[in-house]
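Have a look at the structure below before the remarks.
Only the coordinates and a few stated rules stand behind these numbers; no lab work does. On a predicted model such as this, the values are computed, not experimentally measured, just so you know. Here Cβ is always computed from backbone atoms with ideal geometry, including for glycine, and neighbour counts include all displayed protein chains.
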Amino acid sequence: MTRRLLALALLASTAASAAPDLSGTWWIKDRSGIAAVDPAAIPFTPAARATFDRNRAAAAIPPKERDCLPEGTPRLMLAPYPLQILQRPEQVTMLFEREHMVRFVPIDQPLPADPDPTYLGSSVGRWTGDALTVDTIGFNDITLIDRTGIPHSDAMRLSERLSLRDGGATLHDEVTVTDAKSFTRPWTFAIDFARATGVRLMEDVCTFGPPQRDTMDRK
Amino acid sequence: MPMNRSAVALMTVAAALMTVAVAAPVAAHHSFAMFDITKSVILKGTIKDVHWSNPHVWIDIGVVTPGKPPVMWGIEAGATNTLSRQGWKRDSLKPGDTVTLEVHPMRNGSNSGSMMKATLADGTVLTLGAQGAKPS
């Protein structure tokens, strides 16, 4: 009896901790760099709408893509480059070939109270059923959500739900954007990544103008 | 991946004669593009310089039209990793090489374009897809 109870308890604890394994190399399926959502369905505030229209009308690659600054979250997730996920119980780590950025997602930790604004924001994750839910706050306001030019403010919060589909061949990321300064209500788009077994991540250093040789004579 | 351009391609052999007078309607998903992906232009000439760097590789080519002085064009290609994964090497094109390039021209008609294909003097053909090689 005791032994059976013990076995049941073991089974239960195994089930509770049976988070899917998101580890591996992934590559976005739609390489357009665009959040696949109808712009008409994005609940822009009037000011954000004006910014978006201005960006879209520019009909050129936005300058922010050209000055080598990081793209920020969630645009980094839309990059047409592979990424690698390392999963440990205490942290999920996303290594991006794009600009060699890294997203750190500590598990079951509280969000920082008042983080400094950054490109990628501050993330925490928790396992919810068969998905990893990632909450991110603390963004600066100088990046765009995608390459069509969807703006956001420093009030943006992201809630992502990452799960496996197609028997583990697809990583699905459902991204909900909340930003009262830019949008009248939260809105959601999804990104699908294909498992990219055998793809090796490469160095990606962006330089604006000719690279400068490292020397010791800088003032 | 090479886009399906056969129906819409505007092949202009003598690039120096080309003027892009009116930009084609902007495809909804590519409104950022300064290049007109519905058009292609053939450029024959001599490589002047190759900037193998990120965010994008740039190639300067002196385009030759018989009886006229060479005209300099600047051609934007993808990121170095994107090119590498599609078989390009940093020395695939070298200054002095005689090549034929196929590019999407700029909407504004300036002497610039985005790389689609390079045919080297020895017949080697290098192509550049829109967004990098597919994962294996």
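Kirkwood Rh over alpha-carbon pairs of the range A:103-219, then Stokes-Einstein at 4 °C and 1.567 mPa s: what D in µm² s⁻¹, rounded to an integer? Before the final figure, lay out each step's value.
Values: Rh = 16.9 Å.
The Stokes-Einstein estimate is 77 µm²/s.
Ordering B:Glu76, A:Glu90, A:Glu174 by the number of other Cβ atoms within 10 Å of each residue's own Cβ, fewest first, gives A:Glu90, A:Glu174, B:Glu76. GNM on chain A, alpha-carbon springs under 10 angstrom: the most fluctuating residue among A:Met202, A:Met94, A:Met77 is A:Met202.
Taking a ≥ b ≥ c as the square roots of the eigenvalues of the alpha carbon gyration tensor, the range B:59-128 is oblate, as a/c is not under 1.5 and a/b does not beat b/c.
The aspartates and glutamates within cross-link reach of B:Lys44, meaning a Cα-to-Cα straight distance under 15 Å and a gap of 8 or more places when in the same chain, are B:Asp60, B:Asp97, B:Glu102, B:Asp122. Over 24 Å between Cα atoms, which of B:Lys39/B:Lys89; B:Lys48/B:Lys117; B:Lys68/B:Lys89; B:Lys89/B:Lys117; B:Lys94/B:Lys117 qualify? Listed pairs above 24 Å: B:Lys39/B:Lys89; B:Lys68/B:Lys89. The residues neighbouring A:Val124, those whose beta-carbon lies less than 10 Å from its own, together hold a net charge of -1 under the Lys/Arg +1, Asp/Glu -1 convention. GNM on chain A, alpha-carbon springs under 10 angstrom: the most fluctuating residue among A:Val37, A:Val102, A:Val124 is A:Val37.
Applying the Karplus relation 6.51 cos²θ - 1.76 cosθ + 1.60 with θ = phi - 60° to the range A:30-41 yields 3J(HN,Hα) values of 8, 8, 6, x, 10, 5, 6, 8, 5, x, 5, 8 Hz, where x marks Gly and Pro.
Considering only A:Arg165, A:Arg98, A:Arg157, the mean-square fluctuation computed in a Gaussian network model of chain A, springs between alpha carbons under 10 angstrom, is largest for A:Arg165.
Taking every DSSP helix (H) stretch of at least 4 residues in chain A, weighting each as -39,500 (n - 2.57) and dividing the sum by the residue count yields a mean residue ellipticity at 222 nm of -4000 deg cm²/dmol. Listed by chain and number, the aspartates and glutamates whose C-alpha is less than 13 Å from the C-alpha of A:Lys181, apart from same-chain residues fewer than 8 away, are A:Asp141, A:Asp154. Within 10 Å of the Cβ of each residue in B:69-81, the mean number of Cβ atoms contributed by other protein chains is 2. Calculate log10 I(q)/I(0) of chain A for q = 0.10, 0.12, 0.13 Å⁻¹, where I(q) comes from the Debye formula with a single equal point scatterer on each Cα and nothing for solvent. Taking Cα atoms of chain A as identical point scatterers yields -0.51, -0.70, -0.81.
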